[in-house]
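Reviewing the structure listed below.
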Amino acid sequence: MLEYIILGGGLAFAAGVQPGPLQAFLFSQVAEKGWKRTLPASFAPLLSDGPIALLVLLVLKNLPRDMARVLHVAGGVLLLYLAWASFRSWRRQMEDAPPSTVSAPRTLFQAALVNILNPNPYLGWSLVLGPSALEAWGKGPANAVALVVAFYGTMVVTLAATIVLFGTTRAIGPRGRRAILLASAITLAVLGVYQLAAAVRSLG
C-alpha cells in the first residue's frame, strides 16, 4: 500500500506545482479577491475529477491487458517528457510570473468547471492514474483507495499552499521558483521511471 500512497502523493505534488489553466485562475483569484476568499477553490479537483475518473475507468476496465501495458508505457513517457520540460525551465532559470486572465472564476464551482475543461485531468487519468488505480485494485481495493486519497489529499494541500504562499508574499522569488521547478522535474522523472518499470514487471 505504501508504494501507492507515495505514487499518488508524488503525482499530485508534480501536477499541483505545474503551470496550467487551474493554477492560472487561482493566481488571478488571489490577485483579485485575496488568498482567504480563494482558498476554497483548492478543492475544485474533488468536484471536477469524479466524472472524468468514472469515464476513464469504465473505458480502461474493458481494455485488453496488452493495451493497459501500452498505457503504462505511454504514461511513463509522458511523465519523463514533463520532467524534461521542467528541467529545461529550471536550467533557463525562468521566472514563472502568475499568468493573467481576462476574467477569473468567482466560485469553487466555476473553478471546478475550469478544471473539467482542462485537458490535464483527462491525460492524467487515462495514462497514469487510471492504469495505476486498476492495478492497485487488482492487488486489493484498499490499495486503490490509498492511491486516490493520497493523490487528491496531496493535490488539495499543494494548491492550498500555493494560494497561501502567493497571497501572503505575492512572489516567492526566482530562487524559490527554480527550487519548485527542480523538485517537480525530479518527482516527475522518478514517477516516469516507476511507470515504465511497472510496464516491464507486467510482462512477467
- [ ] Can you tell me which residue among Val73, Val56 is at pLDDT 75 or above, under 17 Å from the mean Cα position of the chain (by Cα), assigned to a helix (DSSP H, G or I) and within 27 Å of Val200 (Cα to Cα)?
- [x] Val56
Open item on the list: Out of everything in the stretch 18-49 that is of a type in the set (Gly, Ala, Ser) and modelled with pLDDT under 85, what residue ends up being farthest from Ala83 (Cα to Cα)?
Closed with: Gly34
Task: Among (1) hydrophobic (A, V, I, L, M, F, W, C); (2) at pLDDT 85 or above; (3) over 19 Å from Ile116 (Cβ atoms), the one test that Ala12 misses - done: (3)
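The values are calculated or read from the model by the stated rules, or taken from the named source; none is laboratory data. Bear in mind that the values here come from a model prediction, so they are computed numbers and not experimental data. So basically every Cβ, Gly included, is an ideal-geometry build from the backbone, and we count neighbours across all protein chains shown.
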